[in-house]
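Let me begin by presenting the structure, written as C-alpha cells, before commenting on it.
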Amino acid sequence: MPLVTTDDGVQLYFEEAGSGTPMIFVHEFAGDHRSWEPQIRFFSRRYRCIVYSARGYPPSDVPAQGANYSQERVWQDLRCIMDALNIQQAHLVGLSMGAFACLHFGMHHGTQGRVSRALTLTLAGCGTGSHPAVHEEFKAQSKVLAQDIETLGAEHLANTYGMGPSRLQFKAKDPRGYNEFNRHLAEHSAQGSARTSRGYQGERPSLYTLTDKISAINVPTLIMTGDEDEPCLEPSLMLKRAIHTSVLAVLPGSGHAINLEEPQLFNQLLAEFLAQAEQGKDFVRPMETRPATIWGPGGDPR
C-alpha cells in the first residue's frame, strides 16, 4: 500500500497515475481519494496525477483525538506529500476542505519574491463558513456535527451532511453518481470525520481575516463554484478580488461537489486554464479593472 509519512508521524495513503508535470488533487470533508476519479482518468493522459486521503480518512491513519487536526496541519500534509514524492512544483487542485489546503499552501509557497512550489492553484467550492456573518455559527455547528458523528456514526453523516442543500443538485442530476458519493461517505471513519469536523472545521480561521496574505498570492489561480453553492458564492467573489492573478468560473445550476456533479465541464475549464498557464499567461488583472478595495464597492463588510 503506497503511504507517505508526515513530519508528525501520520501515514497518508496516496495513488498516482500518468506521467508529466505533477498535478495533486486534495479532497473535501465529505470525500476521500476516490472523489477525484473523473479527473484522474482525464488528466493522467497528460500529467502525473496524485490523489491522497487526508488524515482521519482510511486507508490513511486516523490519529488519536490529541493529534493536530488543524488548518495548518492540513496544508502541511500537502507539503509532506510533495516532499516525500520528490515533487518540487505541482499544479494543485482542491475542493472545499482541499481548496482551503491549496489556498493556505499558496499563501506560504505561492507569493511574490520566491520560487513558487505551486505552479497553479485551483480553488473549487472554497469558503464555506468563512463569511463574517456566519463564521462563528459555522464553527459551533461543526462541533455539534462532530458529537453527532461520534454518537451516531458515519452512516448518520451520509444521511444528513451528505444530503445538505448544496448536495441536492448532484442528486437530481446524477442519482447513480450521487449514490456512489454517498456510499463512500458512509464508509468513512466516524472518529476521523468527527475529529476533522471538531478540530479543522470547528477551529479554522475565516478567510476574511487573512486577506492581506491571500492578496499576496502571485501564481495563476482558478476559482470555481456552483451558482447554487450559496456558502461559497460570496467567498469566491472575495477570492477573485483579492488574488490579482485569478479567474473565476461559476457553474450554472450546480452545488458543492462540482467535480463530480459536472465532471466534463469541470475538466474542460481546468484543462483550458492549465493550457493557458503553461503557455505563460499570468492572468494578472489590469489595474483599471480592480475595485477600490478587495471587497469591491462598499468596502469591508466587517
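Quick note: the coordinates plus some simple rules give every number you see, no bench work behind them. Predicted model only: the values in this text are computed from it and were never measured. Because the Cβ atoms are built from the backbone with ideal geometry, glycine has one as well, and the counts that use them run over all protein chains shown.
Key figures
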{"read-out": "Proxy reagent accessibility, fewest Cβ within 10 Å first, across H156, H131, H91", "value": "H156, H131, H91"}
{"read-out": "Highest average packing first - 23-29, 93-99, 40-46, 229-235, Cβ atoms within 10 Å", "value": "93-99, 23-29, 229-235, 40-46"}
{"read-out": "Listed residue (P205, P59, M224) projecting farthest to the positive dipole end of the chain, Cβ model", "value": "M224"}
{"read-out": "Separation in nanometres of the label points that stand 7 Å from Cα toward Cβ, at E37 and Q264", "value": "1.9"}
{"read-out": "Sorted by Cβ density within 10 Å, fewest first, the residues Y13, Y200", "value": "Y13, Y200"}
{"read-out": "Relative contact order computed over the range 60-147 (Cα-Cα under 8 Å; 6+ residues apart), in percent", "value": "26"}
{"read-out": "5 angstrom amide H check on R48, placed H, neighbours 5+ away", "value": "S19, G20, T21, M23"}
{"read-out": "Amide H contacts under 5 Å for L119, placed H, 5+ residues apart", "value": "A90, H91, L92"}
{"read-out": "Contour excess over end-to-end distance, with Cα ends at E72 and R45 and 0.36 nm allotted per residue", "value": "6.5 nm"}
{"read-out": "Net charge dipole size for the range 120-247 [Lys, Arg +1 and Asp, Glu -1 on Cβ; Debye, nearest 20]", "value": "240"}
